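All remarks here apply to the structure that follows.
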Amino acid sequence: MGTGSGILAIAAAKLGAAHVWAVDVHPEALAAAARNISLNEAEVTLLDNVLPPEHVDLAIVSIGSQWAQEHKRGLLAERILIVHDDATVEVLP
């Protein structure tokens with residue numbers, strides 16, 4: 001969630017994730033992520049402002065803990081990692 005350039009989605013795909021969804025609401029971010037995903041030949045599905053349609057083992061959120069708390073029920077994830085702007089990471093069960 002909040003894929004931006006797509007770097008974390010690309011890393012997840014390259015590290016062997018079975019399926020990776022990258023989500024953002026900003027057209028510029030989606031365009032940048034699409035370019036980077038293509039350049040890196042990564043298997044990533046881009047979603048425009050839609051939560052992944054399936055249960056996931058791990059969701060990485062880089063748009064804030066308030067969003068994660070508000071969308072926790074709709075985000076079907078075993079674990080949620082929130083990456084903050086200062087590079088700290090918070091884990092939601």
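In this structure, the amide hydrogen of Ala77, modeled 1.01 Å from its nitrogen in the peptide plane, lies closer than 5 angstrom to those of Val56, counting only residues at least 5 positions away or on a different chain. Accessible surface computed residue by residue for the chain, with neighbouring protein chains in place and a 1.4 Å probe, gives 63 Å² per residue.
Taking the Cα centre of the chain as reference, the dipole from Cβ charges on Lys and Arg (+1) and Asp and Glu (-1) amounts to some 100 debye. Against the set [x] 51, 27, 16; [y] 33, 25, 24; [z] 39, 33, 22, the structure's computed Cα extents along the principal axes in Å falls on [y]. Straightening the chain between Ser5 and Asp48 buys 14.1 nm, computed as 0.36 nm per residue apart minus the Cα-Cα spacing. Note: relative contact order over the chain, using C-alpha pairs below 8 Å and six or more positions apart, is 24 percent.
Excluding the sites themselves, what is the longest stretch of the chain that contains no GluC sites (Glu not before Pro) in a DSSP loop with at most 16 other C-beta atoms within 10 Å? Of all site-free stretches, the longest is 1-40.
Only sites in a loop by DSSP and with at most 10 other Cβ atoms within 10 Å count here; which trypsin sites (Lys or Arg not before Pro) in the chain make the cut?
On the way: sites: Lys14, Arg35, Lys72, Arg73, Arg79; in loops: Lys72, Arg73.
In loop regions of the chain (DSSP not H, G, I, E or B), the sparsely surrounded trypsin sites (Lys or Arg not before Pro) are Arg73.
Shown in residue order for the range 48-63 are the 3J(HN,Hα) couplings computed by the Karplus curve 6.51 cos²θ - 1.76 cosθ + 1.60 at θ = phi - 60°: 8, 6, 10, 6, x, x, 10, 5, 10, 6, 9, 10, 10, 10, 10, 10 Hz (x for Gly and Pro).
The values are calculated or read from the model by the stated rules, or taken from the named source; none is laboratory data. Just so it is clear, the structure is predicted and the values come from calculations on it, not from any experiment. FYI the Cβ positions are ideal-geometry reconstructions off the backbone, even for glycines, and counts take in every protein chain you see. With ligands, DNA and RNA removed, areas are computed over all heavy atoms of the protein, side chains included. Shrake-Rupley method; radii C 1.70, N 1.55, O 1.52, S 1.80 Å.
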